[in-house]
Amino acid sequence: MKGKMLKVLGVIGLVVVIAALLMTGCAKPAPVPGPTGPTGPTGPTGPTGPTLAPAPIVTLRYATSSSPRDEQVVEVNKALHEIVSRTEGKILFEKFYGDESGLKGREYIYALEKGLFDTCMLGAGAASNEYPWLGIFQTALLLPDVALREPIVKALTPLLDDFFAEHNIITLAYAVHSDPSLALYTNKEIKSLSDMEGLLIRIFDPATTLTVETLGGTPVHLEMSETYSGLQKGTVDGAISGTGQAKELSWGEVTKYMTVLWPAVKLNVIGISERAWNKLSTDQQKIVRDVFAQWDKDYWIWAVAQQPKEFDAAAEMGMIVNDMPPDAKALYPVVRDTVLEAYLETSGPRGMQALDLWEAALAKAGY
């Protein structure tokens, strides 16, 4: 009996040994982390392992008092779209047109300076209500030839750059309106100076205020976005602005006559607040600069090409385009002297400097 039990135990032991050997042979070896394995210096937890987070998307709030149909706005939007494309969508623009921003034309510099908006296209004429020296660009009868707009703007660019830098604004481009002349929109034909008497005329800056007063009208300040309604309802009898507003702001729908005044520089400034600029990487800042440098060159060529078309839109809308009558033009020297004298009285040293640069640009061109 004892011998049989030993045999059984021996068989059992042999089976256990064989089973253990089989299990050891089939099992996979445990992973041995090497120097380049998951826990090594080049693995996910090593010093070079973490993946950098993608660059954040920066959305810039862009505002302009102009309509999205304005030809200049359309051209600026091309530059903004190029920036979005070249940054692969890392810079985006939230756009506010006309009264969508809630700002008056004179408030755009303040809005950029205080960071209420990130980037704007602001009108120098409207801003001259707060900063009189900017009124040089629409001072009556200072521009003898529209071809001189570009050299004048280039001559004043350093002065403009310094001014906007004082307000924590980085300038990206200076763009004149494609329509180079100021005009008077009315439903009454201006056949003689007496037709101006007592008319309520929408103005937008000190220069247009004095112009209307000198010609016998009564100036009324209205924002650009309020003028269509004012003309439609008869709140005002007329309005002064560029010849392009017949189409771009549909003033041709609510007025019959466009009386051409004189050429003007009509400058818009495209700027970005320092606060917004500092949100951009160095590479992004370079892209923005490069895009607007090329845009500036292309824009001047485009603006010159638009000049022969200045009155086409008004004619297509059925408006009658006239020059100022001779007896009104006889007052032009008085208008010029009155506006210029007021400009120099209110614009300070910077205004005198701007006028000197302006006159030097004219002299260089032979005027």
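Phi angles across segment 287-300 convert, under the Karplus curve 6.51 cos²θ - 1.76 cosθ + 1.60 with θ = phi - 60°, into 3J(HN,Hα) values of 4, 4, 4, 5, 4, 6, 5, 6, 4, 4, 4, 5, 5, 4 Hz, Gly and Pro given as x.
Here the average projected area of the convex hull drawn through the C-alpha atoms of the chain stands at 31.8 nm². Counting heavy atoms of the protein chains alone, Thr346 has an accessible area of about 90 Å² for a 1.4 Å probe. Local charge for Arg202 was computed over the other residues whose Cβ lies under 11 Å away, with Lys and Arg +1 and Asp and Glu -1, and equals -3. With the simple spin-label model, which puts each label point 7 Å out from Cα in the Cβ direction, the Ala147 to Ala363 separation comes to 2.2 nm. Per residue of the chain, the DSSP helices (runs of n ≥ 4 H) give a summed -39500 (n - 2.57) that works out to -14000 deg cm²/dmol at 222 nm. For segment 179-189, the Karplus equation 6.51 cos²θ - 1.76 cosθ + 1.60, evaluated at θ = phi - 60°, returns couplings of 8, x, 10, 8, 9, 9, 9, 8, 9, 10, 6 Hz by residue, with Gly and Pro reported as x. In terms of accessible area, using a 1.4 Å probe and ignoring ligands and nucleic acids, Phe163, Phe311 rank largest first as Phe311, Phe163. Amide H contacts for Thr243 (H built 1.01 Å from N in the peptide plane; partners 5 or more residues away or on another chain; cut-off under 5 Å): Ser181, Ala183. Coupling constants for segment 329-335 follow from the phi torsions by the Karplus curve (6.51 cos²θ - 1.76 cosθ + 1.60, θ = phi - 60°), and in residue order they are 5, 4, 8, 4, x, 5, 4 Hz; glycine and proline get x.
Note on exposure: Trp277, Trp358 ranked by accessible area (1.4 Å probe, complete protein assembly) read Trp277, Trp358, with the most exposed listed first. Of Lys256, Lys90, Lys286, which has the largest mean-square fluctuation in a 10 Å C-alpha GNM of the chain? In the Gaussian network model the winner is Lys286. The amide H of Leu172, built 1.01 Å from its N in the peptide plane, has Ile270, Gly271, Ile272 as neighbours under 5 Å, considering only residues 5 or more places off or on other chains. Calculated accessible area for the chain comes out at 49 Å² per residue, all protein chains present (probe 1.4 Å; ligands, DNA, RNA ignored).
Is there a quick way to get the dipole size of the chain? I mean about its Cα centre, with the Cβ of Lys and Arg at +1 and of Asp and Glu at -1; what is the value in debye to the nearest 20?
Numbers: 32 positive and 43 negative charges, 654 e Å.
Value, rounded to 20: 3140 debye.
Each Cα pair under 8 Å and six or more residues apart adds its sequence gap; the mean of these over the residue count of the chain is a relative contact order of 22 percent. Taking amide H as placed 1.01 Å from N in the peptide plane, Ser66 has its amide H under 5 Å from the amide H of Gly98, each at least 5 places away in sequence or on another chain.
Computed over neighbours whose Cβ is under 12 Å from that of Val212, the net charge equals -3, Lys and Arg +1, Asp and Glu -1. As I understand it, the value is the acute angle between the Cα axis of helix 2-26 and the longest principal axis of the Cα atoms of the chain; what does it come to in degrees, rounded to 10? So the inclination is approximately 20 degrees. Would you mind checking Lys104/Lys256; Lys266/Lys297; Lys104/Lys329; Lys90/Lys154; Lys78/Lys309 for any pair whose Cα atoms are more than 23 angstrom apart? Exceeds cut-off: Lys104/Lys256; Lys104/Lys329; Lys90/Lys154. Would you tally the net charge around Glu310, using a Cβ to Cβ cut-off of less than 15 Å, leaving Glu310 out, and scoring K and R as +1, D and E as -1? The answer is -4. Once a ≥ b ≥ c are taken as the square roots of the eigenvalues of the Cα gyration tensor of segment 145-278, is the result rounded (a/c under 1.5), prolate (a/b larger than b/c) or oblate (a/b not larger than b/c)? Judged from the Cα gyration tensor, segment 145-278 comes out prolate (a/c at least 1.5, a/b above b/c). Within the full protein context, the accessible area of Asp283 is estimated at about 110 Å² for a probe radius of 1.4 Å.
The values are calculated or read from the model by the stated rules, or taken from the named source; none is laboratory data. Source: prediction; values computed, not measured. Note that each Cβ is placed from the backbone with ideal geometry, even for glycine, and that neighbours are counted across all protein chains shown. Surface areas here come from the heavy atoms of the whole protein model, side chains and all, with no ligands, DNA or RNA. Shrake-Rupley method; radii C 1.70, N 1.55, O 1.52, S 1.80 Å.
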